[in-house]
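K.L.:
Have a look at this one before I ask anything.
The values are calculated or read from the model by the stated rules, or taken from the named source; none is laboratory data. From a predicted model like this one, the values you see are computed outputs, not experimental measurements. So basically every Cβ, Gly included, is an ideal-geometry build from the backbone, and we count neighbours across all protein chains shown.
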Amino acid sequence: MNGVRVKEGGTELIVPEDHSVKGPGKIRGSVFFNSQMAFNRDVNVMLLRALNREDLSVADAMSATGARAVRIANEVPGTHVTANDISIDAAEFIKANIELNGLTNCIPSNKPLGSLLAEKSFDYVDLDPFGSPVPFLHAAIAGCKRKGILAVTATDAAPLSGAHRAKCERRYSARPVRGHMCHEVGLRILMGHICRELARLDRGMVPLLSFSADHYFRTYVTVENGAGAADRSLSQMGYVSYDTSTMERSFSSEPDRDHKYGPLWGGRLFDRELLSRMSSDGMSDPGRCDSMLGLWRQEIDSVPVVYSIDEISSFTKRPTPRFGDFMESLRRRGDASRTHLGPVLFKTSLPLDEIISAYDEAYSAGH
Ligand SMILES: C[S@@+](CC[C@H](N)C(=O)[O-])C[C@H]1O[C@@H](n2cnc3c(N)ncnc32)[C@H](O)[C@@H]1O
């Protein structure tokens, strides 16, 4: 086993010398590690800490080097973690990392996740596959206890964001959208798929935190048992319309000629109370964590209402105001927020004519 030592958050890790540092990452040796995903693991630690649970059983079902599992066991009090991976080479890294950190609350496991999650259920189940989580969702749901938390990463952001429409339709039975709304819709298609998979088993979901970052989407949901919970969740599904020639967009619970993108999750993305308790103390990149926490805490998340200032500028063919001035002008008229989805994107439920008036007012005020 050839490895190098790195420090991530409060944890020392042995990882393959030849590992990915950016993008979706490639399997370069026999075991995968991507240092860019440190932010994803930071968020994981912050969220689980904020739950303040004294006793939390965790299955990191696709653990690779064990980086996520070992960080959780080491940095989140009260956790009992199973670090599982199907690969025998990964198992060597997992054992070495448990030993390196002297952990007694983390055990290695080397089996297909379907077997692990059929044998035992957990308070928290993590799916972090190469590409789409769809093939593993059923097993993950089965291994999630009542009121358990399901955490899912999808690195197939291109199909979910409309770059490969047919692939998205095959995997998620949903139609993606291209253009300025693509990441919001991609994230919500992933969540919508999880919602529908849960409903098949008479379960519902309540999102804790859902976001887009780098090359992936990630969602954490609490799973609720019962047909009533499933129906309540399904009632939050819907479709969006998006006409790039008029900039009009809207959400509808039923599909029609215009509302053809989806089905997707139309409910909340965040649990604001949980977000208020998340702290970047001890994370590998506290600056990035604080910046994202700040954006998530203020972000409108009720319906898909994301716009880009660039699209207003192309549509009106008028000069672009400073983004800060524009946001102030929007907020004077009604509900508006920045979004973590991008630096020139914003969310508002204001009608289009109000958005354009705010845009013109902000430009005039700045000149
Ligand atoms: C993207 S890597 C996981 C990265 C890891 N969670 C991290 O944060 O560094 C995906 C891992 O899933 C494992 N895997 C693929 N199919 C699996 C299965 N059916 N059961 C368990 N592990 C599996 C692969 O061996 C690989 O190590």
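K.L.:
Of everything in region 331-361 that's in a loop (DSSP other than H, G, I, E, B) and among the hydroxyl-bearing types (Ser, Thr, Tyr), which residue is nearest to the chain's Cα centre (by Cα)? Before the answer, list the steps.
P.N.:
Within region 331-361, the subset in a loop (DSSP other than H, G, I, E, B) is 334-335, 339-344, 349-351.
Then drop every residue that is not among the hydroxyl-bearing types (Ser, Thr, Tyr), which leaves 339, 349.
Numbers: Thr339: 14, Ser349: 23 Å.
That would be Thr339.
K.L.:
Only one of these conditions is not met by Ser276: (1) assigned to a helix (DSSP H, G or I); (2) out of contact with any helix residue (DSSP H, G or I) (no Cβ under 8 Å at 6 or more places or on another chain); (3) in the same structural domain as Glu12 (by TED's automatic domain parsing). Which number is it?
P.N.:
(2)
K.L.:
I'd like the full set of residues that are more than 9 Å from the ligand (Cβ to nearest atom) and in contact (Cβ under 8 Å) with a residue 40 or more places away in the chain, limited to region 63-78.
P.N.:
Here is the first cut: in region 63-78, the residues more than 9 Å from the ligand (Cβ to nearest atom) are 70, 72-78.
Matches in region 63-78: Val70, Asn74, Glu75.
K.L.:
Let me confirm something: among Leu295, Leu269, Leu274, Leu341, which residue is farther than 26 Å from Asn52 by Cα and at pLDDT 95 or above?
P.N.:
On the way: Leu295 fails: farther than 26 Å from Asn52 by Cα; Leu269 fails: farther than 26 Å from Asn52 by Cα; Leu274 fails: farther than 26 Å from Asn52 by Cα.
Among Leu295, Leu269, Leu274, Leu341, only Leu341 is farther than 26 Å from Asn52 by Cα and at pLDDT 95 or above.
K.L.:
Given the conditions (1) modelled with pLDDT under 95; (2) under 11 Å from the mean Cα position of the chain (by Cα); (3) not aromatic (Phe, Trp, Tyr), report the number of the one that Gly179 does not fulfil.
P.N.:
(2)
Here's the yes/no breakdown for (1) touching a residue at least 60 places away in the same chain (Cβ under 8 Å); (2) within 27 Å of Ile309 (Cβ to Cβ); (3) among the acidic types (Asp, Glu):
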{"residue": "Arg170", "(1), (2), (3)": "no, no, no"}
{"residue": "His183", "(1), (2), (3)": "yes, yes, no"}
{"residue": "Cys195", "(1), (2), (3)": "yes, no, no"}
{"residue": "Ala199", "(1), (2), (3)": "no, no, no"}
{"residue": "Asp202", "(1), (2), (3)": "no, no, yes"}
{"residue": "Val206", "(1), (2), (3)": "yes, no, no"}
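K.L.:
In this structure, does Val206 turn out to be farther than 21 Å from Arg165 by Cα and either surrounded by fewer than 23 Cβ atoms within 10 Å (Cβ to Cβ) or of a type outside the set (Phe, Trp, Tyr) (or both)? I'd like the intermediate steps shown before the answer.
P.N.:
Working: farther than 21 Å from Arg165 by Cα: yes; either surrounded by fewer than 23 Cβ atoms within 10 Å (Cβ to Cβ) or of a type outside the set (Phe, Trp, Tyr) (or both): yes.
Yes: the conditions hold for Val206.
K.L.:
Which one of these does Gln36 not meet: (1) within 24 Å of the chain's Cα centre (by Cα); (2) outside any strand (DSSP E or B); (3) within 26 Å of Cys144 (Cβ to Cβ)?
P.N.:
Of (1) within 24 Å of the chain's Cα centre (by Cα); (2) outside any strand (DSSP E or B); (3) within 26 Å of Cys144 (Cβ to Cβ), only one is false for Gln36: (3).
Listed here are the residues, each with its yes/no results for (1) in a helix (DSSP H, G or I); (2) touching a strand residue (DSSP E or B) at 6+ places or on another chain (Cβ under 9 Å).
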residue	(1), (2)
Val240	no, yes
Thr244	no, no
Pro255	no, yes
Phe270	no, yes
Asp281	no, no
Ser291	yes, no
Leu295	yes, yes
Arg318	no, no
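K.L.:
Going residue by residue through region 249-256, is there one that turns out to be closer than 24 Å to Pro176 by Cα and outside the structural domain of Arg71 (by TED's automatic domain parsing)? It would help to see each step written out before you state the result.
P.N.:
Kept after step one, since they are closer than 24 Å to Pro176 by Cα, are these residues of region 249-256: 249-256.
Those left that are additionally outside the structural domain of Arg71 (by TED's automatic domain parsing): none.
There is no residue in region 249-256 that is closer than 24 Å to Pro176 by Cα and outside the structural domain of Arg71 (by TED's automatic domain parsing).
K.L.:
Within region 142-172, track down each residue that is within 15 Å of the ligand (Cβ to nearest atom) and of a type in the set (Val, Ile, Thr). Write out each step before concluding.
P.N.:
From region 142-172, those within 15 Å of the ligand (Cβ to nearest atom) are 142-143, 150-157; that's our starting set.
Scanning region 142-172 gives Val152, Thr153, Thr155.
K.L.:
Please tell me if Ser233 is modelled with pLDDT of 95 or more and part of a helix (DSSP H, G or I).
P.N.:
Yes; evaluated as a whole, the condition is true for this residue.
K.L.:
Name the residues in region 104-119 that are of a type outside the set (Val, Ile, Thr) and touching a strand residue (DSSP E or B) at 6+ places or on another chain (Cβ under 8 Å), would you? Spell out how you get there, then give the answer.
P.N.:
Initially, region 104-119 is screened for residues of a type outside the set (Val, Ile, Thr), giving 105-106, 108-119.
Hits for region 104-119 are Asn105, Cys106, Pro108, Ser109, Asn110, Lys111, Leu113, Leu116, Leu117.
K.L.:
To continue, here is another question. Give just the number: which of (1) within 20 Å of Arg49 (Cα to Cα); (2) more than 8 Å from the ligand (Cβ to nearest atom); (3) touching a helix residue (DSSP H, G or I) at 6+ places or on another chain (Cβ under 6 Å) does Asn97 not satisfy?
P.N.:
Exception for Asn97: condition (1).
K.L.:
Given the criterion within 12 Å of the ligand (Cβ to nearest atom), of a type in the set (Ser, Thr, Tyr) and under 23 Å from the mean Cα position of the chain (by Cα), identify the matching residue among Ser109, Ser132. Spell out how you get there, then give the answer.
P.N.:
Numbers: Ser109 fails: under 23 Å from the mean Cα position of the chain (by Cα).
Every option except Ser132 fails the conditions.
K.L.:
Scan region 18-55 for residues that are more than 9 Å from the ligand (Cβ to nearest atom), on the phi > 0 side of the Ramachandran plot and modelled with pLDDT under 95 and jot them down.
P.N.:
Gly23, the sole residue that qualifies.
K.L.:
Further question: Kindly list the number of the only condition in (1) touching a residue at least 60 places away in the same chain (Cβ under 8 Å); (2) of a type in the set (A, V, I, L, M); (3) surrounded by fewer than 18 Cβ atoms within 10 Å (Cβ to Cβ); (4) near the ligand (Cβ under 10 Å from one of its atoms) that fails for Ile88.
P.N.:
(1)
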